[in-house]
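Written below as structure tokens is the structure these notes are about.
The values are calculated or read from the model by the stated rules, or taken from the named source; none is laboratory data. None of these values were measured; they are calculated from a predicted model. Because the Cβ atoms are built from the backbone with ideal geometry, glycine has one as well, and the counts that use them run over all protein chains shown. All accessible areas refer to the heavy atoms of the entire protein, side chains included, with ligands and DNA or RNA removed. Shrake-Rupley method; radii C 1.70, N 1.55, O 1.52, S 1.80 Å.
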Amino acid sequence: MSRLHQSRIADFQEVLGEPTVALGKLRELCFSGIPFDGGLRCLCWKILLNYLPLEKALWSSLLKKQRDLYSQFLKEMIIQPGIAKANLGVSREDVTLEDHPLNPNPDSRWNTYFKDNEVLLQIDKDVRRLYPDMAFFQRPTDYPCLLILDPQNEFETLRKRVEQTTLKSQTVARNRSGVTNVSSPLKTSPNSLSEYEVLPNGCEAHWEVVERILFIYAKLNPGIAYVQGMNEIVGPLYYTFATDPNSEWKEHAEADTFFCFTNLMAEIRDNFIKSLDDSQCGITYKMEKVYSTLKEKDVELYLKLQEQNIKPQFFAFRWLTLLLSQEFLLPDVIRIWDSLFADEKRFDFLLLVCCAMLTLIRDQLLEGDFTLNMRLLQDYPISDVHLILKKAKELQDSK
């Protein structure tokens with residue numbers, strides 16, 4: 001370990017060791033990248049995403065309260081209506097008499113169950129494809145959720161629910177643009193459910209934990225529910241917390257990820273709501289801000305893109321909505337997020353990162369035609385995120 005690296009770790013430990021964390025100092029340190037050592041990144045992200053308060057004395061009680069609350073969500077939301085019996089305080093027979101699968105009442109428990117299945121199938125499809133180049137999400141977690149997997153209880157796991165539902169219904173996919181695609185199960189590939197190998201009973205893979213987090217989020221936020229792309233936001237958070245070197249924190253990665261994801265979504269959820277696209281808080285405004293910033297910093301490149309009619313929607317939509325999580329390898333995404341989360345005016349720095357990405361390939365863009373430039377922007381050629389972040393900081397300082 002280099003002396004510089006040791007010095008940075010010591011700086012973090014000093015700030016985090018105070019009874020009250022100095023947020024300004026912490027942001028300044030995190031902006032330049034957080035060391036993985038000693039679980040520093042996990043702890044810093046939890047503070048930057050407003051999950052942990054600045055007063056350290058409150059951490060223990062808050063974590064216990066939030067983790068207990070998450071366990072309560074699991075009990076209430078990942079069950080099959082009418083089968084939970086004692087857990088619901090009613091018997092299966094009583095529920096069946098009052099409610100049944102063909103009950104037309106919109107408040108029917110079965111009606112809710114079937115609607116939830118549509119959301120669950122889309123989540124399942126997306127989480128199985130999460131970072132396919134990495135083995136991590138396919139591997140079993142060291143801390144499977146005993147509440148769900150305990151054979152003594154009567155909860156139905158999401159895994160079983162998906163298996164049963166897929167056999168019985170059409171797959172309904174709703175993408176970010178609100179377009180609904182209905183595909184017949186007869187036309188889907190026979191391996192569509194086995195993109196990730198399902199582990200034996202008593203074990204669960206990391207992707208199954210992510211699925212559960214997204215399903216509970218959708219249940220608690222019916223106004224937005226689940227929109228494709230949220231899986232790309234929760235993935236890096238969960239990976240970071242589930243690889244925490246501190247086993248005490250790692251054990252609670254699921255609950256901690258859920259609350260950090262919820263807080264992060266509260267800041268960026270407008271990007272996922274189509275009806276807000278053209279409002280000042282919507283994604284269209286932010287995409288136009290990337291171009292107006294580019295015009296200010298590099299008018300020649302801006303005019304070239306305008307001349308070729310390359311709209312920011314063609315590439316910046318994905319960059320901004322998914323916080324660049326699909327443009328780089330996961331470790332690089334995590335490094336970018338250190339700076340984004342440390343940004344006091346979240347997510348102004350993201351706009352500058354997008355602008356930096358454009359200016360760093362300006363020569364190719366100025367020489368290229370429409371087709372070539374679209375290929376460059378949709379499959380960004382530079383993988384050195386440190387170079388990109390350095391350029392973005394230069395743009396920020398040149399204001």
Checklist entry - Can you give the FRET efficiency for GLU18 and SER71, using 1/(1 + (r/R0)^6), R0 = 30 Å, r = Cβ-Cβ distance, to the nearest 0.05? => result 0.45
Next on the checklist: Net charge within 12 Å of ARG362 by Cβ-Cβ distance, Lys/Arg positive one each and Asp/Glu negative one each, not counting ARG362 itself?
Outcome noted: -1
Next on the checklist: Taking just the alpha carbons, could you work out the radius of gyration and Dmax for the range 298-373, both in angstroms?
Outcome noted: 13.4, 38
Next on the checklist: A 25 angstrom limit on the alpha carbon distance is what I want to check against. Which of LYS125/LYS391; LYS274/LYS390; LYS64/LYS219; LYS46/LYS297; LYS289/LYS393 exceed it?
Outcome noted: LYS125/LYS391; LYS274/LYS390; LYS46/LYS297
Item to check | Whole-number accessible area per residue in Å² for the range 309-354, which is evaluated in the context of all protein chains at 1.4 Å | outcome: 32 Å²
Checklist entry - Cα convex hull of the range 278-323: mean projected area in nm², to one decimal? => result 3.3 nm²
